[in-house]
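Student: Questions regarding the structure given below will be posed in turn.
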Amino acid sequence: MWKVLTYEDKILAKKKIKRKAIRNSLFVSLFTFIFAILEDRYLGSGRIRYDPNLLSEAYPPQTWDEIASNIHMYLILSVLMGLFVYLFVTRERSVTRICISCENRDHDKLQEKCKCGENLYNLDDLSWIE
Ligand SMILES: [Zn+2]
């Protein structure tokens, strides 16, 4: 059955979503940073990221010195990737409203109460318990 979340529950749920978003974006940032450097070191193919003129050329692997001199490019790329994931994972509030008594989900936005007379709750304000 559905249980209506208390104010404290909602704060906790929000924090959990935020923590997850931060964790995911840090992971993606780190992964991008390492992957891009290894790609350039051993394949060379990542060069086109900062020089589109190289698109038609072969890309020789770069030396560690070359990579070190472009380290700011790797940092910018990984921060952008992390930011994208952070914004993507932090989702908007649900628009689904549910009646906790008959579990009917089919309500329009203007409707205040379910046909059975029970109040409608936003999905984000509810939690399912067995
Ligand atoms: Zn109902």
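Student: Scan the stretch 85-122 for residues that are touching a strand residue (DSSP E or B) at 6+ places or on another chain (Cβ under 9 Å), of a type in the set (A, V, I, L, M, F, W, C) and at pLDDT 85 or above and jot them down.
Tutor: I98, C99, I100, C114, C116, L120
Student: Now, a different point. Quick one: is I34 under 30 Å from W128 (Cα atoms), modelled with pLDDT of 90 or more, among the aliphatic types (A, V, I, L, M) and more than 16 Å from the ligand (Cβ to nearest atom)? Show your work before the answer.
Tutor: Numbers: under 30 Å from W128 (Cα atoms): no; modelled with pLDDT of 90 or more: yes; among the aliphatic types (A, V, I, L, M): yes; more than 16 Å from the ligand (Cβ to nearest atom): yes.
Taking the combined requirement at face value, the residue does not satisfy it.
Student: Just to be sure I understand the filter: pairs with C-beta atoms under 7 Å, separated by 6 or more residues or on different chains, first member in the stretch 113-130 and assigned to a strand (DSSP E or B), second member within 15 Å of the ligand (Cβ to nearest atom) and of a type in the set (F, W, Y). Which pairs pass?
Tutor: As it stands, the answer is L126/W2; W128/W2, since those pairs meet every condition given.
Student: Can you report the number of residues in the stretch 62-72 which are crowded, with 16+ Cβ neighbours inside 10 Å and under 24 Å from F27 (Cβ atoms)? Talk me through it step by step, then tell me what you get.
Tutor: The first filter runs over the stretch 62-72 and keeps only residues crowded, with 16+ Cβ neighbours inside 10 Å, leaving 62, 67, 70.
Checking which are under 24 Å from F27 (Cβ atoms) leaves us with 67, 70.
Final tally of qualifying residues: 2.
Student: When you check K109 against the structure, is it away from the ligand (no atom under 16 Å from the Cβ) and either assigned to a strand (DSSP E or B) or not assigned by TED's automatic domain parsing to the domain that holds F33 (or both), yes or no? Working first, answer last.
Tutor: Working: away from the ligand (no atom under 16 Å from the Cβ): yes; either assigned to a strand (DSSP E or B) or not assigned by TED's automatic domain parsing to the domain that holds F33 (or both): yes.
Answer is yes for this residue.
The values are calculated or read from the model by the stated rules, or taken from the named source; none is laboratory data. As the structure is a computational prediction, the values presented were derived from the model and not from experiment. No Cβ is skipped: glycine too gets one built from the backbone with ideal geometry, and neighbour counts run over all protein chains shown.
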